[in-house]
Amino acid sequence: MAQILDGKAYADRMLDEVKAAVAARKNSGLRAPCLAVVLVGDDPASQVYVKGKIAACAKTGIESIEHRPAADVTQSELNLLIEGLNADPDVDGILVQLPLPKHLDSKAALHRINPAKDVDGFHPLNQGRLFEGLPGLRPCTPSACMRMLKFHGVEMAGKRAVVLGRSEIVGKPMALMLLEENATVTIAHSRTADLPAVCREADILVAAVGRPGLVEGSWIKPGAVVVDVGINRVTDLAFGERIFAADPVKLAKLREKGHVLCGDVRFGEAMQVAGAVTPVPGGVGPLTIAGLLRNTLKACEALVCPG
Ligand code: NAD
């Protein structure tokens with residue numbers, strides 16, 4: 001059986017480090033870092049994510065401010081809000097929760113954020129710094145995944161890595177970070193021919209697609225390290241019976257509650273082939289939040305783009 005890479009345990013470790021650093025700041029008379037979260041409208045999933053981020057701030061001593069513009073806020077009103085946060089010397093990090101309502105231009109909003117406060121790492125300047133291999137605020141999900149892989153001693157240099165998904169939030173930055181560690185990286189996506197064969201080449205397989213149970217056990221190279229970024233809610237029992245055939249726990253939960261969370265990888269099947277696998281939930285999700293708080297501390301300490 002594969003080793004389960006416990007993202008929650010490693011995230012707790014990261015949060016403890018942040019908490020200690022925040023306490024040290026306060027002890028030396030400095031203020032706590034402050035994260036401003038902008039949540040537009042009332043999308044239920046976004047509300048859950050924001051609640052989790054704010055609760056994690058409280059746990060580490062990071063201050064948080066929540067701004068909740070109505071769903072019909074205009075682009076210029078949102079821009080004004082972001083400009084105000086950019087100019088506020090007591091705000092270190094700004095996070096605009098995605099997705100935004102359809103009438104708003106997400107990129108335009110993200111590009112407004114002062115790069116030194118861009119704790120999600122989505123601003124082109126920070127993406128450019130990652131591209132050039134320079135330090136900067138890096139996207140939380142891939143950077144925390146990389147930290148966890150290193151913590152577990154996963155060798156990357158010279159290994160074949162396949163990243164499934166090419167989003168700017170996860171897939172592309174993850175591929176760049178693996179490349180930085182000298183892995184030989186392939187980015188696969190919805191138009192890749194013979195996806196199973198490409199995945200089977202991977203010593204490290206990262207799935208960030210958003211398709212429940214897409215990656216079957218037979219797609220995984222024996223002994224591979226599998227990082228499952230996908231978060232999907234399954235409600236269809238017939239579909240669940242197919243993708244959870246080797247995962248009796250998930251199937252039982254689906255039957256009992258009528259819904260269950262799962263990743264892009266068939267966990268039960270992966271456990272029989274891989275060397276190590278991240279579970280969903282309890283894998284990459286908690287790491288993302290820990291990465292965000294680490295970035296907020298980093299922004300506060302002005303380690304990024306000093307001056
Ligand atoms: P996205 O929708 O922006 O990108 C999905 C990518 O998958 C695209 O590049 C597309 O080409 C590729 N793709 C789609 N269908 C495919 C298929 N059948 N075969 C191969 N590739 C396919 O998604 P995203 O924002 O990168 O998120 C991906 C998943 O990760 C989602 O489930 C999301 O909820 C999850 N996510 C989790 C965390 C976390 O903290 N765990 C953070 C971010 C995203």
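The values are calculated or read from the model by the stated rules, or taken from the named source; none is laboratory data. If you're wondering where the values come from, they're calculated on a predicted model, not measured in any experiment. Here the Cβ positions follow ideal geometry from the backbone for every residue, glycine too, while neighbour counts run over all protein chains shown. We work out accessible area using only protein heavy atoms, side chains counted, and drop any ligands, DNA or RNA first. Shrake-Rupley method; radii C 1.70, N 1.55, O 1.52, S 1.80 Å.
The residue list Arg138, Arg200 contains one member that is open to solvent by 10 Å² or more (accessible area, probe 1.4 Å), under 14 Å from the mean Cα position of the chain (by Cα) and of a type in the set (Lys, Arg), which is Arg138. Checking the structure you have, find out if any residue of segment 223-234 is open to solvent by 30 Å² or more (accessible area, probe 1.4 Å), without any contact (Cβ under 8 Å) to a residue 40 or more places away in the chain and within 15 Å of the ligand (Cβ to nearest atom). Yes, the conditions are met somewhere in segment 223-234. Of a type in the set (S, T, N, Q), within 28 Å of Lys250 (Cβ to Cβ) and surrounded by fewer than 18 Cβ atoms within 10 Å (Cβ to Cβ), is that true of Thr184? Answer is no for this residue. One residue alone among Ala252, Ala276 is small (Gly, Ala, Ser), open to solvent by less than 60 Å² (accessible area, probe 1.4 Å) and in contact (Cβ under 8 Å) with a residue 40 or more places away in the chain, and that residue is Ala276. Scanning segment 149-196 for residues that are more than 22 Å from Glu132 (Cα to Cα), part of a helix (DSSP H, G or I) and away from the ligand (no atom under 16 Å from the Cβ) yields one hit, Phe151.
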